[in-house]
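Read the structure below first, then the notes.
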Amino acid sequence: MSACPHRPPCSACPRFGAPGIAPAAASALEVLARAHGLFDVPIVSGHLTGFRLRARLAIRGRLGSPKIGLFELGSHRVVHVPNCRVHHPLINRVAGIVRRALVDARIPCYSDAAHEGFARYLQVAIERSSQRAQVVLVANSATPDPLAECLELIRARLGADLHSLWFNAQCSRSNAILGPHFHHWCGDSSIIERFGGANVHYPPGAFGQSNPEIAELIIDHIRERIPSGARVAEFYAGSGAIGLSILTRASSLLMNEASPHALVGLEQGLADLDLASRQKVRVVGGTAGAAAALAAASDVIVVDPPRKGLDSELLAFLAETPPPSLIYVSCGLESLVADSASLTRSARLRLVQLTAFNLFPFSEHVETMACFERA
């Protein structure tokens, strides 16, 4: 693989060009596997260029000379990455068009120190089926009015490559990228991905995996482990990528999610189902810990928590009331190791399978699917 034109100073891919998952992650998985009598951790990988279909890029710089890219490690200095090798090519094209629009509309970039200027971040997501871009311009402004000319330039210049265009107001002095409110400028209301034959909707505020090729393989692995007619509960369900894809195999499906943006996407996905399929689903909003006891009668529980791991209440429930089958999808290896110890401490659950997915090539992170069974 040829060298990245942006390294250094870009530090987004610390292992750029290296095959497989990080050695430290592989070693930790091997230790976890051997502790539970497992001696094989398959590693599933995919494409190594153009695989990232979602990106959040910082916008900083002087009026007339903006930079769009990633922060240097430990700073608010932006590395301009116009030819990123891991981005889908359309993400790079969108960034170039937005940069030119900011110049032509004379939009000042945000300054962290002064808390002044407008343009703060750019979020881009590519819809695989249409190869069009959902674009969000994040600004230090309560309304899109100061950026109206810029937004119109982006809309016109992207043309047929534009899926939808959004404004997001982020006026707080914080490192949070997105504010709570989106303004729909034009285009469709959500990106649609298909997993297991189901439509999964992603409004701009909903979480979606940046590497959908590997995400789809993870979902396929999960679906294979759902017995026909099983009563399934899913926690941290997001917009429904896992749950909706396994619905044809389940007799009932409880889905729990806390994010209001993800719940909007889930509602849109459910609306695309036939009546009989919709009637099998119960959606419960709120934290996973608060909803844990609702899964008491489930045959299979699926969890896909954030990097910090399971809510303490859910972890305690699963350890004390183990389901016949637990499928744990993890993006945080340290939390998976800790949660696995808690889940198996009483010997009422046992870890029976580990699979690693190279969802984040060239990074230190790994996505893992851990399967537990009632002892």
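Would you point out which residue out of 63, 73 is under 22 Å from the mean Cα position of the chain (by Cα), under 24 Å from residue 113 (Cα atoms), of a type in the set (A, V, I, L, M) and assigned by TED's automatic domain parsing to the domain that holds residue 139? Walk me through how you get there before you give the answer.
Values: 63 fails: under 22 Å from the mean Cα position of the chain (by Cα).
So the residue among 63, 73 that is under 22 Å from the mean Cα position of the chain (by Cα), under 24 Å from residue 113 (Cα atoms), of a type in the set (A, V, I, L, M) and assigned by TED's automatic domain parsing to the domain that holds residue 139 is 73.
Can you tell me which of 345, 350 is among the basic types (Lys, Arg), outside the structural domain of residue 86 (by TED's automatic domain parsing) and touching a Lys or Arg at 6+ places or on another chain (Cβ under 9 Å)?
The match here is 350.
Just one of 56, 34, 60 is within 26 Å of residue 127 (Cβ to Cβ) and modelled with pLDDT of 95 or more; which is it? Even if it seems obvious, please write down each step before you answer.
Details: 34 fails: within 26 Å of residue 127 (Cβ to Cβ); 60 fails: within 26 Å of residue 127 (Cβ to Cβ).
Among 56, 34, 60, only 56 is within 26 Å of residue 127 (Cβ to Cβ) and modelled with pLDDT of 95 or more.
Looking at 96, 117, which is the one that is under 15 Å from residue 63 (Cβ atoms) and small (Gly, Ala, Ser)?
Going through 96, 117 in turn, just one is under 15 Å from residue 63 (Cβ atoms) and small (Gly, Ala, Ser): 117.
I'd like to know if the stretch 22-42 contains one or more residues that are surrounded by 13 or more Cβ atoms within 10 Å (Cβ to Cβ) and assigned to a strand (DSSP E or B). Explain how you work it out, then say what you get.
Going through the stretch 22-42, the residues surrounded by 13 or more Cβ atoms within 10 Å (Cβ to Cβ) turn out to be 22, 25-26, 28-30, 32-33, 35-36, 38, 41.
With assigned to a strand (DSSP E or B) added as a condition, the list becomes none.
Checked against the condition, which is being surrounded by 13 or more Cβ atoms within 10 Å (Cβ to Cβ) and assigned to a strand (DSSP E or B), the stretch 22-42 yields no hits at all.
Given the options 150, 171, name the one that is in contact (Cβ under 8 Å) with a residue 24 or more places away in the chain, of a type in the set (A, V, I, L, M, F, W, C) and in a loop (DSSP other than H, G, I, E, B).
Among 150, 171, only 171 is in contact (Cβ under 8 Å) with a residue 24 or more places away in the chain, of a type in the set (A, V, I, L, M, F, W, C) and in a loop (DSSP other than H, G, I, E, B).
If we scan the stretch 243-250, do we find a residue that is farther than 26 Å from residue 51 by Cα, surrounded by fewer than 21 Cβ atoms within 10 Å (Cβ to Cβ) and more than 13 Å from the chain's Cα centre (by Cα)?
Step one: list which residues in the stretch 243-250 are farther than 26 Å from residue 51 by Cα, which gives 247-250.
Within this subset, residues satisfying the condition of being surrounded by fewer than 21 Cβ atoms within 10 Å (Cβ to Cβ) are 248-249.
Checking the rest, the ones that are also more than 13 Å from the chain's Cα centre (by Cα) come to 248-249.
Checking the stretch 243-250: at least one residue is farther than 26 Å from residue 51 by Cα, surrounded by fewer than 21 Cβ atoms within 10 Å (Cβ to Cβ) and more than 13 Å from the chain's Cα centre (by Cα).
Would you mind finding the one in 125, 101 that is part of a strand (DSSP E or B) and at negative phi?
Testing whether each residue is part of a strand (DSSP E or B) and at negative phi leaves just 125.
Among the candidates 178, 165, which residue alone is in a strand (DSSP E or B), aliphatic (A, V, I, L, M), within 30 Å of residue 114 (Cβ to Cβ) and touching a residue at least 12 places away in the same chain (Cβ under 8 Å)?
165
Mind checking which residues of the stretch 181-193 are over 22 Å from residue 145 (Cα atoms) and assigned to a strand (DSSP E or B)?
Passing the criteria: 191, 192, 193.
Within the set of pairs 6 or more residues apart or between chains, which connect a residue that is more than 16 Å from residue 48 (Cα to Cα) inside the stretch 363-375 to a residue that is among the polar types (S, T, N, Q) and assigned to a strand (DSSP E or B) with Cβ atoms less than 6 Å apart?
Matching pairs, first to second residue: 368/330; 369/355; 371/353; 373/325.
Would you confirm whether any residue within the stretch 317-329 is within 20 Å of residue 207 (Cα to Cα), surrounded by fewer than 15 Cβ atoms within 10 Å (Cβ to Cβ) and at pLDDT 95 or above?
No, the stretch 317-329 contains no residue that is within 20 Å of residue 207 (Cα to Cα), surrounded by fewer than 15 Cβ atoms within 10 Å (Cβ to Cβ) and at pLDDT 95 or above.
Report yes if some residue within the stretch 133-141 is in the same structural domain as residue 93 (by TED's automatic domain parsing), of a type outside the set (D, E, K, R) and not in a strand (DSSP E or B); otherwise report no.
From the stretch 133-141, those in the same structural domain as residue 93 (by TED's automatic domain parsing) are 133-141; that's our starting set.
Filter once more, so that each one left must be of a type outside the set (D, E, K, R): 133-141.
Pick out the ones that are also not in a strand (DSSP E or B) and you get 140-141.
Among the residues of the stretch 133-141, at least one is in the same structural domain as residue 93 (by TED's automatic domain parsing), of a type outside the set (D, E, K, R) and not in a strand (DSSP E or B), which makes the answer yes.
Among the residues of the stretch 323-375, count how many are in contact with a strand residue (DSSP E or B) (Cβ under 8 Å, 6 or more places away or on another chain) and acidic (Asp, Glu).
So the count comes out to 3.
Within the stretch 124-140, which residues are buried (at least 22 other Cβ atoms within 10 Å of the Cβ) and out of contact with any Asp or Glu (no Cβ under 8 Å at 6 or more places or on another chain)?
124, 125, 126, 135, 136, 137, 138, 139
The values are calculated or read from the model by the stated rules, or taken from the named source; none is laboratory data. The model shown is predicted, which means the values in this text are computed figures rather than measured ones. Using ideal geometry, Cβ is built from the backbone for each residue, glycine included, and neighbour counts are taken over all protein chains shown.
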